[in-house]
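The values are calculated or read from the model by the stated rules, or taken from the named source; none is laboratory data. All values derive from a computational prediction rather than experimental measurement. Virtual Cβ from ideal backbone geometry, glycine too; neighbours counted across all protein chains shown.
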Amino acid sequence: MSTKTGSIVPKAEQALTRATDKLKALQHPAGWWKAELETNVTMDAEDLMLRRFLDIDDEERTQATANWIRSQQLADGGWAIFHGGDSDLSATIEAYVALRLAGDPVDADHMKAAAYRVRERGGIAASRVFTRIWLALFGEWSWADLPALPPEVILLPAWFPLNVYDFACWARQTIVPLTVVAAHRPQRQLGFSLDELRVQAAPVAGGKQSAWARAFHGLDRFLHLYEKRPIRWLRRRALRQCTEWIVRRQEADGSWGGIQPPWVYSLMALHLQGYADDHPVVRRGLEGLDTFVIEDERGRRLEACQSPVWDSCLAMVALHDAGVDAADDTLLRGADWLLGQEIRVPGDWAVRRPSLAPGGWAFEFENDNYPDLDDTAEVVLALHGVASGEADRAAAIEAAIDRAITWTLGMQCEDGGYAAFDVDNTSQLCGKLPFCDFGEVTDPPSADVTAHVVEMLATLDHSSSPATRRAVDWLLAAQEADGSWFGRWGANYIYGTGAVVPALVRAGQDRQSAPIRRAVQWLQSVQNADGGWGEDLRSYVDRRYRGRGESTPSQTAWALLALLAAGGAEDAVECGVTWLASRQLSDGDWQEEHFTGTGFPGDFYIRYHLYRLVFPTMALGRYLREEKAAVSGR
């Protein structure tokens, strides 16, 4: 224990008390926590384009959305996909189209600046495939110039390459309805052209293509030929099966997978298949979208997803770490709500694990088709820390945990790691399709998910089980040369390292072992001069940003969680704790504008508004627990 600790502990205690009170106050009476999940303006632009496509737009909604989009425009005229990021071409095009739909004139200064930024970046032709699909819906891009993916893909058996289950769940949910939309090749009217966003195409540079690239471009050419004259009976069967697949996967809240992309494309697909606006499936879908809307003084915006299960289990773990009594009513109400969210029916994961009994949790309020390992692991940790005097509740918690462990063990990948939603979803072919130029399209094991599972299994006395040991071996093999771990679902190497080190130590890894000490050295090497930690999202594409960026509460907390678990970095820990305590707001919260969550590395990022509170609460609680143990051990 450092000599500086005496002055830091009282400040940390005060900060923890305020944070705990704030976190308790944010709990919904029903027992859950949910904060905003913020992404970027493409969600809002696509909402307006969807409503124009379905002819259900209205002026009030359009103008409120346009206000939000305008508020996010950068000084250079473009729009970014994360706070502090550079202008993104596709996001700028979609935002521009939305503002044209809202009536913004092309000669307005902000529109001229946006159009210039688009042209400077290569114009519409240089945008991602998904943006050009949106433009094709309105006749501003040719369907013939888009990569082909016919609906007949739904007919491929699960063992055949490039069947829909070779794609990650988020990709498959999007691809199936998109194949329906593309088969119809619809064109609606925008009421204006986008000629000001086009540039003269530059000559394509010659170069040697890989064998895979040549093969898939050849496949694309063949599929385009097939699209001109599809086999009629086969096309009818494929469209019917796609439609049935879509309808079966609608969730109780009207969503598809609880996320925006498959939701909007499924509504368009059903519309094109003849489903009227008042059909129960379509009506639920449209009404459900309204529950994802946030409106305030800045305008109207749409959440790409909602995270109540994730927010709730993290909040409960944070309260455990803060020392809240295990029988506290806040925790009991949280546990009761989480128990009600357990998924007891098979989802798409059962295609690869047909004999495995269900028993997990999803991210959202409603998403029975796609429970995930990350949420399940954290929910088990949250429930495990609850002490209920009621026999029925205690029995329900024990049974739910047992089911979750069984399901988790059955979802381990062949190499020992854990992915988010599926088992061995690692096809190398899916990402090579010309259609797939945005985001991850498969769901391989990741260090952060595997770490959360390991931490859960070790906490539940499964440290020595073969599954846990295989997962630990996977984590050790996945360590980067500099001592860090890649963060798939959070930014980035700080997130991965902050998850893995506590998990390894909990599973019995010696604190003095080489992997743990390398991780500690790396975290110390990237600590900012102000005592905190931060990592710019550009670290996903540029190694110079690995562990580097403006200090944030969530990332500082992740680093502290790793260092506290590893031990032996007292000065770095005290500086980090001081940073957190000194930057806390008077209401117990922290300010965090930066996005520190990840949807698709390099393409789609998330600002979880609760991260800035739950993770510092965890870090402060564990710090004070360590200090108390050190004092009592003298």
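Within the range 597-610, is there a residue that is out of contact with any Ser or Thr (no Cβ under 6 Å at 6 or more places or on another chain), outside the structural domain of S90 (by TED's automatic domain parsing) and free of Cβ contacts under 8 Å to residues at least 12 places away in the same chain?
no
Among the candidates A202, A238, single out the residue that is at pLDDT below 95 and either more than 29 Å from T39 (Cα to Cα) or surrounded by 19 or more Cβ atoms within 10 Å (Cβ to Cβ) (or both).
So the residue among A202, A238 that is at pLDDT below 95 and either more than 29 Å from T39 (Cα to Cα) or surrounded by 19 or more Cβ atoms within 10 Å (Cβ to Cβ) (or both) is A202.
How many of the residues making up the range 571-589 are under 14 Å from L613 (Cβ atoms) and of a type in the set (D, E, K, R)?
3
Among the residues of the range 521-559, which ones are among the polar types (S, T, N, Q) and out of contact with any helix residue (DSSP H, G or I) (no Cβ under 7 Å at 6 or more places or on another chain)?
Correct list: Q521, S525, N528, T552.
Quickly run through the range 417-450 and pick out the residues that are in contact with a Lys or Arg (Cβ under 6 Å, 6 or more places away or on another chain) and modelled with pLDDT of 90 or more.
Within the range 417-450, V423, S446, D448 qualify.
Which one of D253, D277 is touching a residue at least 24 places away in the same chain (Cβ under 8 Å), touching an Asp or Glu at 6+ places or on another chain (Cβ under 7 Å) and part of a loop (DSSP other than H, G, I, E, B)?
D253
In the range 494-519, what residues are hydrophobic (A, V, I, L, M, F, W, C) and touching a residue at least 24 places away in the same chain (Cβ under 8 Å)?
Those that are hydrophobic (A, V, I, L, M, F, W, C) and touching a residue at least 24 places away in the same chain (Cβ under 8 Å): I494, A499, V500, V501, A503, L504, V505, A507, I516, A519.
Got a number for residues in the range 113-156 being part of a helix (DSSP H, G or I), touching a residue at least 24 places away in the same chain (Cβ under 8 Å) and not small (G, A, S)?
Number of matching residues: 17.
Condition check ((1) surrounded by 20 or more Cβ atoms within 10 Å (Cβ to Cβ); (2) among the basic types (K, R); (3) in a helix (DSSP H, G or I); (4) not assigned by TED's automatic domain parsing to the domain that holds F615) across all residues:
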| site | (1), (2), (3), (4) |
| --- | --- |
| A315 | yes, no, yes, no |
| A327 | no, no, no, no |
| L332 | no, no, yes, no |
| P346 | no, no, no, no |
| W349 | yes, no, yes, no |
| E364 | yes, no, no, no |
| Y370 | yes, no, no, no |
| D375 | yes, no, yes, no |
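Would you mind stating whether W489 is of a type in the set (F, W, Y), out of contact with any Asp or Glu (no Cβ under 9 Å at 6 or more places or on another chain) and crowded, with 18+ Cβ neighbours inside 10 Å?
no
Could you list, in sequence order, all residues of the range 35-60 that are assigned to a loop (DSSP other than H, G, I, E, B) and either of a type in the set (D, E) or crowded, with 21+ Cβ neighbours inside 10 Å (or both)?
Across the range 35-60, the qualifying residues are E36, T39, N40, V41, D55, D57, D58.
Does the range 412-430 contain at least one residue that is farther than 30 Å from P147 by Cβ, of a type outside the set (S, T, Y) and under 20 Å from the mean Cα position of the chain (by Cα)?
There is at least one residue in the range 412-430 that is farther than 30 Å from P147 by Cβ, of a type outside the set (S, T, Y) and under 20 Å from the mean Cα position of the chain (by Cα).
For the range 396-406, state whether one or more residues are surrounded by fewer than 19 Cβ atoms within 10 Å (Cβ to Cβ), polar (S, T, N, Q) and part of a loop (DSSP other than H, G, I, E, B).
no
Taking the options Q14, Q63, Q27, name whichever one is in contact (Cβ under 8 Å) with a residue 12 or more places away in the chain and assigned to a loop (DSSP other than H, G, I, E, B).
Q27
Determine, yes or no, whether D482 is in contact with a helix residue (DSSP H, G or I) (Cβ under 6 Å, 6 or more places away or on another chain), within 29 Å of F604 (Cβ to Cβ), surrounded by fewer than 24 Cβ atoms within 10 Å (Cβ to Cβ) and not polar (S, T, N, Q).
yes
For the subset of the range 68-87 comprising residues that are surrounded by fewer than 16 Cβ atoms within 10 Å (Cβ to Cβ) and of a type outside the set (A, V, I, L, M, F, W, C), which member is nearest to A115 (Cα to Cα)?
D76
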